[in-house]
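Each remark here refers to the structure printed beneath this line.
What follows draws every value from the coordinates through simple rules; no lab data is involved. If you're wondering where the values come from, they're calculated on a predicted model, not measured in any experiment. Every residue, glycine as well, gets a Cβ built from its backbone with ideal geometry; the counts of neighbours run over all protein chains shown.
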Amino acid sequence: MLLNLVLLFILYKILDYVIRIPFISNVDRKKIMVTGCDSGFGRLFAIRMANKGVTVFASCMTDDGKKQLEQSSTNIKAFIMDITDVDSVQKAYEFVTGHLASNEGLWGILNNAGFLQQMLGPLEWQSADEFKKVLDVNVVGHHNVTKTFLPLVKRSCGRLAFTSSAAAHFPEPLMNLYVASKHALDGYVSCIRPDLKAFGISSHLIEPGVKRTPMVCQAYEKVDSYEVPDDVTKEYPKEFLEKHAAYVRDVVDGYATPNCDDVLYAFEHALFGLYPRARYSLMLQVKAFMLLPEYALDYIYNHRNSKPQPHLIY
């Protein structure tokens, strides 16, 4: 009996894999929008799809990012958009509709823009303003874009894709603000998925592992210059900061990889796969850790050899 169940499960996984291999045809006739294209995943994906003939509306935060994308392909229509600013998003909507024919829509949107907290560390180090900024970009900004551009996706009965993170399921305590924002995004997409299905729109979450993107590299480079708030210096003295910096480097060096092919493929499959998945979990370790109870995860985290401990003063 058990063997039969195992064989059925294996057969199911094989069929599930095979059935999702095909992509839709005529992708070169599609038009999509990608946010967060100055660097990292967004830039790579915009260029990848433009090279396949897709018209890509690529949002950037900087003029340099915009110019570089415009020079990379004639299929890329780059523009400036701050997803946390409703007026900026509305201007971007007018830019995109100005490049579409009457009643033409967008096939899909990749909500990719993201922000990583500037100090990777305990909650006492995190200010309310920093938390607000992380949530504004990683959650509220995606809502601003999705709500504003939704009429264009409705016209095509298209797709919405969102860049989340493996951290949404395997929280790394050093990234408390970032992880909280990805949990929120997960809940948001899980709720709008059935709501928008009535319009023929599908919604998809992509959860990359740790990659050596510019966002991660910038955070990595700052760990030696952290300044702990004055009210907690006794608990987190200089020697803690030194050990903490080494710990962050160990985590990044141990898990981060510069290869983003799996992420780009997941983006493409979410928007152009014939039978896309609702969720793309791309870090195998996370899938394994998700099977463990919380006390086991806490034990693993707290017993890492390089994890520094604060001074207990109470």
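A few remarks follow.
- Subset of the range 51-65 (residues that are crowded, with 20+ Cβ neighbours inside 10 Å and assigned to a helix (DSSP H, G or I)): G65
- Failed item, numbered, when A184 is tested on (1) under 17 Å from Y255 (Cβ atoms); (2) outside any loop (DSSP other than H, G, I, E, B); (3) of a type in the set (G, A, S): (1)
- Residue match in the range 212-225 (condition: of a type in the set (S, T, Y), surrounded by 18 or more Cβ atoms within 10 Å (Cβ to Cβ) and under 21 Å from A266 (Cα atoms)): yes
- Within the option set A198, A288, being under 30 Å from D28 (Cβ atoms), of a type in the set (A, V, I, L, M), surrounded by fewer than 19 Cβ atoms within 10 Å (Cβ to Cβ) and free of Cβ contacts under 8 Å to residues at least 12 places away in the same chain holds for one residue only, A198.
Conditions (1) touching a Cys at 6+ places or on another chain (Cβ under 8 Å); (2) acidic (D, E); (3) surrounded by 18 or more Cβ atoms within 10 Å (Cβ to Cβ), marked per residue:
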| position | (1), (2), (3) |
| --- | --- |
| H169 | no, no, yes |
| Y178 | no, no, yes |
| G187 | no, no, no |
| H204 | no, no, yes |
| E207 | no, yes, yes |
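- Those helices (runs of 4 or more DSSP H) of the range 77-158 in which 3 or more residues are more than 26 Å from D64 (Cβ to Cβ) and within 22 Å of the chain's Cα centre (by Cα) occupy 128-135, 141-156.
- Residues being part of a helix (DSSP H, G or I) and either touching a residue at least 40 places away in the same chain (Cβ under 8 Å) or buried (at least 24 other Cβ atoms within 10 Å of the Cβ) (or both) - total across the range 25-42: 4
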